[in-house]
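Here's the structure we're looking at; comments come further down.
Computed from the coordinates by the stated procedures, all read-outs in this text should not be read as laboratory data. No experiment lies behind these values; they were computed from the predicted model shown. Here the Cβ positions follow ideal geometry from the backbone for every residue, glycine too, while neighbour counts run over all protein chains shown.
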Amino acid sequence: MKNENTRNTVIFIVCTLAILILYQIFVMGPQGERQRAARAAAEQTTGATMAEAEDGLPSAAPAQSSAIFVTDRTEALGSVARVPVRTPTLQGSLSLQGGRIDDLFLLDYRETLDEDAPPVELFRPQGMEHAYFAQFGWTGPNVAGGVPGPNTVWRLTEGSSLTQATPVTLTWDNGQGLRFTRVIAVDEKYMFTVTDTVANLGAAPIVIAPYGRIERQGVPPTLGKTHILHEGAIGTFSKGDGFNTTQLKYGDWAKKPREQFESTGGWLGITDKYWMATLIPPQDETISAEFRVTDAATYNIHEARMLGEARTINPGRQITETQHLFAGAKRNEILSAYEKQYDLPRFIYAIDWGFLFFLTRPIFLIVEFFYGLVGNFGVAILLLTATIKLVMFPLANKSYESLSKMRKLQPLMEKIKADHKDDPQAQQKATMEMYQREKINPLAGCLPILVQIPVFYALYKVLYVTIEMRHAPFFGWIQDLSAPDPTNIWTLFGLIPWDPSAAPLIGGLIGSHAGGGFTLALSVLAIFYGFTMWLQTAMNPPAADPMQRQIFMFMPLIFTFIMASFPAGLLVYWAWNNILSIGQQYFIMHRFGADNPIDDLIGRFKKAPA
């Protein structure tokens, strides 16, 4: 009996353990997983709610673990009704869901130089990769019936399409005594005006605040990799008695996922090389502005957000808020006109003029002035170069006079080297005495080059960042002064119709102009520039040190390859600058009776047999 009880006890314990184990595996385990998932979702939702509660703005929905994007724009635009947008410069649509402006093309600009190239895309709807859009609304956490949110479907009550002559009116009623009316207008360029009116038809006062946000998902695929240009967050905010401009490149923005500002007036948004979208509040209103990056599993959400002042609407009363959205190309005259029209602080500095803005802006204005006269930016650059040479003419004259004297005294310098070949100190002393006796400043030849360096950089900046230079033709095969000369040694300067970047070996060497890396190229314009540099170098007195002489001999060849990857407009400027310098130096060398390589070349040509 005792053994039987013991056996039953053992069986009971074994069965109990088995049941507990099976229950843990098949019941408690899945239930725990569901609870953990629910807690994670709740924490994520709570985080989003907390983020919203901190500033009152709706936050972007967190990305799913595996985002699926559509490539068909029509599919992304969805089944929700849309309002067409059509102006002389813009084409697209706005969604009645959330009242988002999320489908926009710039008609004046093409993706490439091809005649059938599509227009440049600025905004892209939700659902596509790299979605990009703007949205306006109200926040009111304790408003009965709520306020329109990102997914609220508005009703089109007036107008059928948005043009510069026909605004559209959207309405939404929260069913609890609040009626929201939105009038969206657009001018003939790139400025949208969003006028929101909220009427309180209920029996109790309510408190709400206006907001605006621009959202960009991920980093744009066309993002450049050069340090000469800013792309990312940009804004101008009040500080003391003035305004400061803040810029955050995408890399820095990710390291500072939340940057907040308090400002009266100003503006903020997201900028590309040539295009920009910015929120513009009333300039007498105090706003809370923020640049935010939301990390997600498959993409980052970049936001420029602003929250206006809270206001109370008593029963039977209404309020109106007018905000603006700039969405378009960063043309100098357009930004300048908007800056004056809306009293926007430093709006013209949305163009990245750089730290040499005191040079880049005047240089651009001079080029633009000459362009207005001749109608060709390449010729305008030639005229700019001649103007700069004219301003520097006296300094260059002094420099070339010193160089001519030094070249004429070259035999005497060789004699000094021979007389003191074993005594470098005595050689240097005799050389300096000769310079003093002949009133020569050996450093004078460097002055024009030193002065030209900031001008060279400023022009490079102007060619690179101003949209006026984009796709600007010169003559012949040069159809884009902001891009490198398309001729290349790898295609025998266009004679072989093939893409060398596709070749395994050559493709790795030539790289990509857009990628910002080293490019092994050799174009017709670069060869011409290299020849002018060699000729100018040959006209200077040779260096005393043999090693330096060899270095200077190879400099034109090295710079020919380096400059081949630079914008064609920069090569036009530098080659033409060399030609003008050669002419000025040739005239001065003749005046001082110094020999020069041009006369040597002419003499050899005359002596050559017919």
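The table below gives the values:
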item	result
Per-peptide average of other Cβ atoms within 10 Å, ordering 146-156, 350-360 highest first	350-360, 146-156
Solvent-free Debye scattering, log10 I(q)/I(0), computed from the Cα coordinates of segment 329-390 at q = 0.20, 0.21, 0.22 Å⁻¹	-0.84, -0.89, -0.94
Burial order of peptide ranges 368-378, 580-590, 456-466 (average beta-carbon count within 10 Å, highest first)	456-466, 580-590, 368-378
Size of segment 109-261 as Cα extents on the principal axes (Å, biggest first)	59, 45, 34
Distance in nm between pseudo-label sites at ARG110 and GLU262 (7 Å out along the Cβ direction from Cα)	5.2
Compactness index (Cα Rg / 2.2 N^0.38 Å), segment 240-302	1.23
Extension gain, ILE319 back to ILE453 (0.36 nm per residue minus Cα-Cα distance, nm)	42.6 nm
Charged-residue dipole, Cβ positions (Lys, Arg, Asp, Glu), segment 346-490 about Cα centre, Debye nearest 20	400
Listed peptides 526-539, 562-575, 250-263 by packing density, highest first (mean Cβ within 10 Å)	562-575, 526-539, 250-263
